[in-house]
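Visitor: Here it is: the structure, laid out below.
The values are calculated or read from the model by the stated rules, or taken from the named source; none is laboratory data. Source: prediction; values computed, not measured. Because the Cβ atoms are built from the backbone with ideal geometry, glycine has one as well, and the counts that use them run over all protein chains shown. Just so you know, the surface numbers come from the protein's heavy atoms only, side chains and all, with ligands and any DNA or RNA stripped out. Shrake-Rupley method; radii C 1.70, N 1.55, O 1.52, S 1.80 Å.
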Amino acid sequence: MEEEYSVDPALLLDAASDFAHYPGVHSDASAQEFLTRFPLPAIISALQTKADHPGLENVLVDCMEKIFKTKYGASLIPHYMPFVVVGLGADSQKVRYLACKTVSFLLENTDKRIAARLVLQYDVYPLLLSCLIDGDEQVATASMDAIKNLAGYPEGMGIVFPASNDEATHLGNLATRCSSLGRVRVLALIVRLFSISSSVASEISKSNLINILEADVRNTNDTLVTLSVLELLYELAEVQHSAEFLSKTSLLHLLSSMISNASAESILRSRAMMIAGRLLSKENAFSFIDESSYRTVLSAIDRRFEFLESVEADECECALEALGQIGSSFQGATLLLSTSPPPARHVVSAAFDQQQHSIQLAALHALGNIAGESRTENMVLNSNAEENLKHMIYEKASNTSKLTPSGLLLSVLQQDSEIRLAGYRLITGLVARPWCLMEIISRQEIIDIVTDAFTETKKIGMEARHKCCEAIYKALTSSTKLISDPAFAGIAAKLQEAIKRGPFLARKHAEAQPVVVTADRF
């Protein structure tokens, strides 16, 4: 067999290098042509023997990865499963990486039932878990991708989530036997699997795997591990269906306790705030999380502001950002403004305080969320929340030299581009309120800034300014009384003209103009 498939290693190295470094996407025909010249058993044999040619292993791994990426190459994998199994247990990290990737290609390009049967027949899943735990970072990532592919369809879910909790491959058992690094990788896998679908998340919930994450958050003996788990929970909270399943755990109570813990490290409290904010920002969160849990989190963050003046600015920014995330939903914004005392008061206070740039920036964006800039509908809240919002902004203005909300908003628009961007967002949300509309259209300087096409030089700033113009114009034209008032006709026309120009067209006449010049002579 070896003689039949023996090839010149130098010739194979050159050809594999060319194939691996081809800049485009290989077709089935090119893969088939390469394997006609160098049969797959010959490549595998060269990979196993590691002929005395520097770089041969790396080149062959890259070459085979590209071959198996093609449909033709993937169709050959079922016939070479014994070699895949050997690769998964190899000493070489590059070969283990290739074997993990090969399993992914098998799962992506083969009939699901056949692929699942092969994984079971060759006992591939335990080997993937071994790669996850003790492989290098590249191998662990490739293994995680393969397991995620396997769990993505019903035939594979039964392999990844065994019926018995006593199985050696049960992720909960695996996590208890690992080193701290291996445990974090298992937890990262759980988070990746959770994001696949609601049905997979349900299996994770039934298997009590989220409890492992909670246990590591409670364990404050190793700050680095706790911080790693908090980062994973932050990813978990981003998943659309996270509120449905995390509401069944004690996670929010745990986060609230961490936020309130004055003896905990500031970075841990900050991450806890961000996780809670992301989780409670979802519009469907109120369908699964009771109001008392919301209030507990808000109360914990609110109490931290009593101490934030004497701590790092980062924690203050995280607290403001978390309140802004919660306030991005209608129910969250309502609670922020209706709870007594309203936690939103800290956001209003910091938004118009120019002492610390980063804190003001975070507060302005947070207040923009609360005001409804990020909501597609229901910008205006209930009467109690709206009255509190109005009262807080007017009170803040009266305690400054600006005296009025329009003065506060103008001072924001007169600062640097980052602050202006946040100011545009804030006005976009606030202007839906009649009192704020009157403040804005009664201040010509504000209209001049938002309609000036030369104010912003970055795309994001141009778009925010244009959206702000649209919001003011929409609010103005929605008021029959104001739009019929001749005093505001000029403002309406100016806003309309700015909107027609679009966010990027600075000049009224930006058509290309022909230029005639004398040709250069040499």
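Visitor: Between residue 340 and residue 181, what FRET efficiency follows from the Cβ-Cβ distance if R0 is 51 Å, with the result rounded to 0.05?
Guide: Plugging the Cβ-Cβ distance into 1/(1 + (r/R0)^6) gives 0.65.
Visitor: Kindly provide log₁₀ I(q)/I(0) values, in the same order as q = 0.09, 0.16, 0.19, 0.20 Å⁻¹, from the Debye equation applied to equal alpha-carbon scatterers of the stretch 381-505.
Guide: -0.24, -0.76, -1.06, -1.15
Visitor: Here's another thing I want to ask about it. Over the Cα atoms of the stretch 318-452, what is the Rg over Rh ratio if Rh follows Kirkwood?
Guide: Working: Rg = 13.4 Å, Rh = 14.4 Å.
That ratio is 0.93, to two decimals.
Visitor: Over the Cα atoms of the stretch 338-408, Rg to Rh with Kirkwood Rh, two decimal places?
Guide: On the way: Rg = 12.2 Å, Rh = 12.7 Å.
Value, to two decimals: 0.96.
Visitor: For the chain, which whole percent of the accessible surface, found with a 1.4 angstrom probe, sits on carbon and sulfur atoms?
Guide: Numbers: 12620 of 24440 Å².
Roughly 52 percent, rounded to a whole number.
Visitor: Give me the dipole magnitude in Debye, nearest 20, for the stretch 201-269 about the Cα centre, with unit charges on the beta carbon: positive for Lys and Arg, negative for Asp and Glu.
Guide: Working: 4 positive and 9 negative charges, 50 e Å.
Computed charge dipole of the stretch 201-269: roughly 240 debye.
Visitor: Over the Cα atoms of the stretch 237-383, what is the Rg over Rh ratio if Rh follows Kirkwood?
Guide: Working: Rg = 14.1 Å, Rh = 15.0 Å.
Reported Rg/Rh (Cα atoms, Kirkwood Rh): 0.94.
Visitor: Place +1 on the Cβ of every Lys and Arg and -1 on the Cβ of every Asp and Glu in the chain, take the dipole about the Cα centre, and give the residue among 351, 427, 184 whose Cα lies farthest towards its positive end.
Guide: Of the candidates, 427 comes out farthest on the positive side.
Visitor: Could you tell me which residue out of 213, 365, 143 lies farthest along the dipole of the chain toward its positive end? Charges go on the beta carbon: Lys and Arg +1, Asp and Glu -1, centred on the Cα centre.
Guide: Of 213, 365, 143, it is 365.
Visitor: With a 1.4 Å probe and all protein chains kept in place, how much accessible area does residue 185 have, in Å² rounded to the nearest 10?
Guide: Looks like 40 Å² after rounding.
Visitor: Taking N as the number of residues in the chain, what is its Cα Rg relative to 2.2 N^0.38 Å?
Guide: Ratio of Rg to 2.2 N^0.38 Å for the chain: 1.27.
Visitor: Given 5 Å bins starting at zero, what is the percent of C-alpha pairs of the stretch 30-140 in each, up to the one with the largest pair distance?
Guide: Bin by bin from 0 Å, the calculated values are 2, 12, 24, 24, 21, 12, 4, 1, 0.
Visitor: May I pose another question? Using the heavy atoms of the protein chains alone and a 1.4 angstrom probe, what is the accessible area of the chain per residue in square angstrom?
Guide: Averaged over the residues of the chain, the accessible area is 47 Å².
Visitor: Let me ask something additional. With charges set only on the Cβ (+1 for Lys and Arg, -1 for Asp and Glu), what does the dipole of the chain come to about its Cα centre, in debye to the nearest 20?
Guide: My answer is approximately 1640 debye.
Visitor: Compute the length gained on full extension between residue 386 and residue 260: take 0.36 nm times their separation in residues and subtract their Cα-Cα distance, giving the result in nm to one decimal.
Guide: Full extension from residue 386 to residue 260 adds 42.5 nm.
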